[in-house]
Amino acid sequence: MSGRFQTPRGTEDILPEEQPYWRAIHDAAGEVTRLFGYERLDTPTFEDAALFEKGTGDTTDIVEKEMYSFQDQGGEALSLIPEATPAICRAYLEHGLASRPQPVRLFTIARMFRYNRPQLGRLRQFNQFDCEVLGSGTALVDAELIELHWRFYERLGLENLEIRLGSIDDLEARRAYLDRLRDYYLPLRDQLSEDSQRRLDRNPLRLLDSNDPRDQELREGAPTMIDDLSPEAAEHFEGVKDGLTAAGVPFVVDPLLVRGLDYYNRTVWEIVPKGDGRQQSSIGAGGRYDGLIETIGGKPTPASGFATGLERVIIEMKRQELPLRDAGAPDAFVVHAGAEGGRAAVRAGAELRGAGFVTLLGESGRSFKAQMRRANGSGARFAIIIGEDEAARGVAALKDLREQGDQEDVPLGEIAARLGQELR
RNA sequence: GUGGGCGUAGCGUAGUGGUUAACGCGUCAGGUUGUGGCCCUGAAGAUCGAGGGUUCAAAUCCCUCCGUCCACCCCA
């Protein structure tokens, strides 16, 4: 089958049978944001490339090697959005949302693009549900976001998830910590795995979540950030934990939680399925980013938010075999034959749909047997049969497909009323 | 971006050098007069991911590319 076109690498079609998952996700997101009072804000699919270079950070992998960037015919440097947060912040500044009552609670559901090597749960084009609260630095806002995040999965019916919560302090304190961490590891360099020796220079935090046994042993004596937070960050962290406890949301403090974007400060969290060893298992993650808005040209504005990867959520929904609302079988399937029967079938269809009944028509030219098979396969409750004979008599034969046998003639024009009685 | 596994009809699989590539599900058509589910019969559907090479002979061996999955990396 090649030679034929196929979806570009790392992209996928969403076929009809996949749609119930997406419907469930949109319903759950809509419901949970409504309950928490979040408003939807949608941004463009592409933005000024510099927004992410500044916002996300031009030393991050996302910006350095994963952005789809291009120049348009007018010479503008643009990027397909790799994440929503800087775009939401841009919109917040551009439209003066800072002048509305603070904080502003927003959400979006959008496609994101990152050029990386595809894997299960890692696509080049993927969808995220994203919530942000701008204009508040309180711990309770973080707790609220984590709770909302949690309730979203809860509403979908997902179980066996775990919130991992951590704090990475503020920038200055984090730099000091990184120095301490490096000081600890430097003399031990030779004992580290090859990967970790490289990490020591590039991203020392990564040493802490290495899977290599050698690294894990050395980790025992390493300083941890969470036990040595600045007083302000420590108090904030306590506030987040208090808020979650009050909300009845379970969490585990993870001192090794080092994942996430560079702009995060203080609160960070991720939600993962318990006992899943895969690398792409985190289905959602978030954190506070008090410095980002200033970085992209706004006044210093505290903010916090999270994103959840919807394809990853669906992987987990399938794994947990969640029951989905089925799309709904048709109410009626109209079987017909002959020119006059065809016209009557179209009229019957219009009448039925006008009355709110989901109605499918059989294929003209196909045998009754074929059409009846299709009617049965469609799951329709009733078959409405209009052949030459019925059409001539101005009636349709109504047949309940749940039972054997019985069918009766109903005058054309009274079909919808009759179905109404049968289906209430 | 690095390393590795895999790639046979729409889907799931069998076949690992030798006649027209097999099976299940699905699709289509039939099983006497215009009627479904079960059953039966038949048909369509595959340049065996693509291109090149080795060989008398390749789905099967080799190379390249594409796709997918796993690890690394990154992250949702």
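Regarding A:L161, is this residue under 15 Å from the mean Cα position of the chain (by Cα) and within 14 Å of RNA strand B (Cβ to nearest atom)?
Values: under 15 Å from the mean Cα position of the chain (by Cα): no; within 14 Å of RNA strand B (Cβ to nearest atom): yes.
No; evaluated as a whole, the condition is false for this residue.
Of the residues A:L352, A:L360, which single one is touching a helix residue (DSSP H, G or I) at 6+ places or on another chain (Cβ under 8 Å), surrounded by fewer than 20 Cβ atoms within 10 Å (Cβ to Cβ) and not small (G, A, S)?
The unique qualifying residue is A:L360.
Give the residue, chosen from A:A370, A:A375, A:A355, A:A350, that is among the small types (G, A, S) and either touching a Leu at 6+ places or on another chain (Cβ under 7 Å) or not assigned by TED's automatic domain parsing to the domain that holds A:A397 (or both). Give the steps one after another, and end with the answer.
Details: A:A370 fails: either touching a Leu at 6+ places or on another chain (Cβ under 7 Å) or not assigned by TED's automatic domain parsing to the domain that holds A:A397 (or both); A:A355 fails: either touching a Leu at 6+ places or on another chain (Cβ under 7 Å) or not assigned by TED's automatic domain parsing to the domain that holds A:A397 (or both); A:A350 fails: either touching a Leu at 6+ places or on another chain (Cβ under 7 Å) or not assigned by TED's automatic domain parsing to the domain that holds A:A397 (or both).
Among A:A370, A:A375, A:A355, A:A350, only A:A375 is among the small types (G, A, S) and either touching a Leu at 6+ places or on another chain (Cβ under 7 Å) or not assigned by TED's automatic domain parsing to the domain that holds A:A397 (or both).
Which is more than 9 Å from RNA strand B (Cβ to nearest atom), in contact (Cβ under 8 Å) with a residue 24 or more places away in the chain and part of a loop (DSSP other than H, G, I, E, B), of A:A222, A:A233? Spell out the reasoning first.
Numbers: A:A233 fails: part of a loop (DSSP other than H, G, I, E, B).
Just a single option satisfies the conditions, and that option is A:A222.
For region A:374-392, enumerate the residues that are over 38 Å from the mean Cα position of the chain (by Cα) and either surrounded by 13 or more Cβ atoms within 10 Å (Cβ to Cβ) or closer than 15 Å to A:P330 by Cα (or both). Let's see the steps before the verdict.
In the first step, residues of region A:374-392 are kept if they are over 38 Å from the mean Cα position of the chain (by Cα); the result is A:383-392.
Scanning region A:374-392 gives A:A383, A:I384, A:I385, A:I386, A:G387, A:E388, A:D389, A:E390, A:A391.
Filter region A:92-145 down to residues that are assigned to a loop (DSSP other than H, G, I, E, B) and polar (S, T, N, Q) and give me whichever is farthest from RNA strand B (Cβ to nearest atom).
Let us first name the residues in region A:92-145 that are assigned to a loop (DSSP other than H, G, I, E, B), namely A:95-96, A:100-103, A:114-118, A:120-121, A:123-124, A:135-138.
Cutting the leftovers down to polar (S, T, N, Q) gives us A:102, A:116, A:136, A:138.
Working: A:Q102: 24, A:N116: 6, A:S136: 20, A:T138: 22 Å.
For region A:92-145, the residue satisfying everything is A:Q102.
Scan (1) outside the structural domain of A:L257 (by TED's automatic domain parsing); (2) in contact with a Gly (Cβ under 8 Å, 6 or more places away or on another chain) for the single condition A:N160 breaks and write down its number.
All conditions are met except number (1).
Select from region A:7-23 the residues that are outside any loop (DSSP other than H, G, I, E, B) and surrounded by 10 or more Cβ atoms within 10 Å (Cβ to Cβ) and write down the one among them that is farthest from RNA strand B (Cβ to nearest atom).
So the first thing to find is which residues in region A:7-23 are outside any loop (DSSP other than H, G, I, E, B), and the list is A:16-23.
Of the ones still in play, those that are also surrounded by 10 or more Cβ atoms within 10 Å (Cβ to Cβ) are A:18-23.
On the way: A:E18: 13, A:Q19: 16, A:P20: 18, A:Y21: 14, A:W22: 14, A:R23: 19 Å.
Checking each candidate, the answer is A:R23.
Got a number for residues in region A:70-91 being within 16 Å of RNA strand B (Cβ to nearest atom) and over 26 Å from A:G10 (Cβ atoms)?
Counting residues in region A:70-91 that are within 16 Å of RNA strand B (Cβ to nearest atom) and over 26 Å from A:G10 (Cβ atoms) gives 1.
So in region A:264-280, with the set limited to residues that are at pLDDT below 90 and more than 8 Å from RNA strand B (Cβ to nearest atom), which one is surrounded by the most Cβ atoms within 10 Å (Cβ to Cβ)? Show your work before the answer.
So the first thing to find is which residues in region A:264-280 are at pLDDT below 90, and the list is A:274-280.
Those left that are additionally more than 8 Å from RNA strand B (Cβ to nearest atom): A:274-276.
On the way: A:K274: 9, A:G275: 8, A:D276: 17.
Checking each candidate, the answer is A:D276.
From the list A:A222, A:A234, pick out the single residue that is surrounded by 15 or more Cβ atoms within 10 Å (Cβ to Cβ) and touching a Phe, Trp or Tyr at 6+ places or on another chain (Cβ under 8 Å).
Values: A:A234 fails: touching a Phe, Trp or Tyr at 6+ places or on another chain (Cβ under 8 Å).
Criteria check complete, one pass: A:A222.
Which of the residues spanning region A:375-424 are assigned to a helix (DSSP H, G or I) and either near RNA strand B (Cβ under 6 Å from one of its atoms) or of a type in the set (G, A, S) (or both)?
Within region A:375-424, A:A375, A:N376, A:G377, A:S378, A:E388, A:D389, A:E390, A:A391, A:A392, A:A416, A:A417, A:G420 qualify.
Does A:E316 fit the bill of being more than 19 Å from A:L106 (Cα to Cα) and in contact with a Pro (Cβ under 7 Å, 6 or more places away or on another chain)? Walk me through how you get there before you give the answer.
Details: more than 19 Å from A:L106 (Cα to Cα): yes; in contact with a Pro (Cβ under 7 Å, 6 or more places away or on another chain): yes.
So A:E316 fits the description; yes.
So, in region A:64-83, how many residues would count as being farther than 12 Å from A:R114 by Cβ and part of a loop (DSSP other than H, G, I, E, B)? Walk me through how you get there before you give the answer.
Of the residues in region A:64-83, the ones farther than 12 Å from A:R114 by Cβ are A:70-78.
When the remaining residues are screened for being part of a loop (DSSP other than H, G, I, E, B), the result is A:72-76.
Number of matching residues: 5.
Could you look through region A:24-58, keep only residues that are in a loop (DSSP other than H, G, I, E, B) and among the charged types (D, E, K, R), and pick out the one that is farthest from RNA strand B (Cβ to nearest atom)?
Taking region A:24-58 and keeping what is in a loop (DSSP other than H, G, I, E, B), we get A:37-38, A:41-45, A:58.
Right, trim to among the charged types (D, E, K, R) and you get A:42, A:58.
On the way: A:D42: 18, A:D58: 13 Å.
By that ranking, first place goes to A:D42.
The values are calculated or read from the model by the stated rules, or taken from the named source; none is laboratory data. Because the structure is a prediction, the values reported are computed rather than measured. Ideal geometry is used to build each Cβ from the backbone, glycine not excepted, and the neighbour counts take in all protein chains shown.
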